[in-house]
Amino acid sequence: MCGIAGFVGARGARLFHVTTDARLTRMADLLTHRGPDERGLWIGEHAGLACRRLAIVDVAHGQQPMRDAATGTTLVMNGELYGHAALREELEARGHRFRTRSDTEVLLAGWLAWDEAVFERIDGMLACAIWSPARRELVLARDRFGKKPLHYARYEGALWFASEMKALLTLPGVPRRLDPRASEHFLLFEHVFDPMTPFEGIAALPPAHVARVRADRLDAMEARRYWRVPVGVGEGTPATIEEAAEELGALLDDAVARRTMGEVPIGALLSGGIDSSLVCASLRPRDAFSIGFADPHLDESAHQDAVAAHVGATLHRFEFDERLAEVVASYPEAQWLGEHADPSFEQDVLLRHVTALAADRGYVVLLGGEGADELFRGYRHHRLHPHLVRYAARSDLEEVPESLGLDDDDFAELAEAEAIARATWGTSAHFLAPSFPLGALVEPRLFEPLAREVFVTPPAAARLAHVPPLPAGVSPESLDALAYVEAHTRLPAYILRTLDRYSMASGVEVRCPFLDHRLFEWHARLPRALRDAGPGEKPLLRAPARDRLPPAIAAREKQGFAAPCLLSEALLAGEGRARLEALLAPDAIEALAVVRPAWVAAALERRAASSPDADHPIERAEAKRLERVLALRLLASVFIDELGAYAAAHLARHGVGR
């Protein structure tokens, strides 16, 4: 696992009055947290590549950038190839002779043998850059699900790329402005979806894409999608849930085993839910790492203890309440590390703390349960999906139907979705997607009443053009379509982004067995009756769980990870109140160029003059709107107003860049 950076341009190393290697070195140094073990740098006539390495595979000989002596082809890679041993054997049979045991060299040799087709052959998580001097061409590529990030920007006659945007934003000449269009998408969907990023002039290579750009034709980048998340269209075997459970168990065990490659110990993240517990049961780690809360409504410690005892693991728990001051003090740096506006900031930043706990005990690789909810439809809104379709399709949105047969919690979630949608924000794109034709994720009739009050320019129906069309025969209102949209939107834009940023901030790589593409392809081939089998939550996953986990764990419903919302309290405490007022001051809101300052001021006055009912959907909708505006302003304060100070502090913290 690494942080990578580089550039390509017709004038190459002669591009700048100051030395290019100084700029590349600084970019790499800003990624030191991703790769604390080594720094590598290569500069050619038209391109340069840099890498900060976290040494896991062939620790002694896997240095990067890696260069093929015969062709001059040079590569940097962030990630791991899980099946590299089989590819190595295949390439050796073709006559290739390897110098190292690293998976980086396997990717380089595979590229020379198969060109772009190598990405369809590999199993892993990666972002990489490959320079071909014969073609004067740079190739950028990203893994199927978007587990590893890759961003790029064009300026001063070159295309620059980096694992994280901070390495691009600190380059002289790169614009340091929030992109109003991306801000609008964030306010509507709660996330910014690739290829957009929060920052003007910086783009993200989408998942499962490979892009080519020539040194003398920087504006003619050609990008191709090499894989799509499969959607359920199969009606094949197995025929029974018992047969499916047996196949699923074998596939999961193989996915876990493939992710134990490397020369370092492998630990596990353990929430106490069924997903991470199944990973632990298959891995049988020596150590597992978790988070505990004093609030019994949030805490899952008893379940974590039961699973750890069952698999024979020593459990190390980050106790939130005991280390509350440390958590709150970490908020400013965490915004710098996360790089995105994030209303779920308080719970996401805890990833940093639990992975740091693992790093303190010598672990640089952990396995986690991410991806299972997307694959097996484990979120609460999946169960509510049929009701949501009927509810959002009604022409009379003022009257809540009483005949849906929902309990109070179910109804509250749907009511919140409707209220927030009418207020223009949506909950997330995935929550409204099945109600409308795919791609038209928010319909004007749902939010026009408040759009004119809130937005500087009321948006039209928002469209996410990067979501590939549904295969023929799949209804946009089906659960398959919902899962398809989520895998292309919320999964890479939120789940995997936060997992990558906050774990790599601790120098820890998190691998996700449920995001094995073979599992998704197997699931898509199942008969519909098995994909959506039986009552309850994730019935297909519970079948193998009953044989592998304590009965209470296998049967428990999804709790969902949540943390106390402390950001506003932290800002309101002491001098923080002045900071909050400065962040949301009219001139600061006007600079966003998206939201009307008058609406923010009025909403703050309403909040201050009353005791909002946290359980009322309209009150929650306004709170969410303000949280998103605050999240945008926090992002701007770190990466625009105080960028130099944060960069200097980061370099000093890691002892580089002096």
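The values are calculated or read from the model by the stated rules, or taken from the named source; none is laboratory data. All values derive from a computational prediction rather than experimental measurement. Note that we place each Cβ from the backbone using ideal geometry, even for glycine, and neighbour counts take in every protein chain shown. What goes into the accessible areas is simple: the full protein's heavy atoms, side chains included, and nothing from ligands, DNA or RNA. Shrake-Rupley method; radii C 1.70, N 1.55, O 1.52, S 1.80 Å.
So here's what we get for this one:
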item: Those residues of the stretch 339-365 which are among the small types (G, A, S) and surrounded by 22 or more Cβ atoms within 10 Å (Cβ to Cβ), in sequence order; result: A341, A358
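Yes/no per residue for (1) in contact with a Lys or Arg (Cβ under 9 Å, 6 or more places away or on another chain); (2) on the phi < 0 side of the Ramachandran plot; (3) open to solvent by less than 10 Å² (accessible area, probe 1.4 Å):
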site: G110; (1), (2), (3): yes, yes, yes
site: D115; (1), (2), (3): no, no, no
site: R121; (1), (2), (3): no, yes, no
site: I130; (1), (2), (3): no, yes, yes
site: L140; (1), (2), (3): yes, yes, yes
site: K147; (1), (2), (3): yes, yes, no
site: Y152; (1), (2), (3): no, yes, no
site: M165; (1), (2), (3): no, yes, yes
site: G173; (1), (2), (3): no, no, no
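Residue by residue, here is whether (1) at pLDDT 95 or above; (2) within 30 Å of A481 (Cβ to Cβ); (3) in contact with a Pro (Cβ under 8 Å, 6 or more places away or on another chain) holds:
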residue	(1), (2), (3)
R284	yes, no, no
A288	yes, no, no
D305	yes, no, no
R317	yes, no, no
S330	no, no, no
D348	no, yes, no
H381	no, yes, no
H385	no, yes, yes
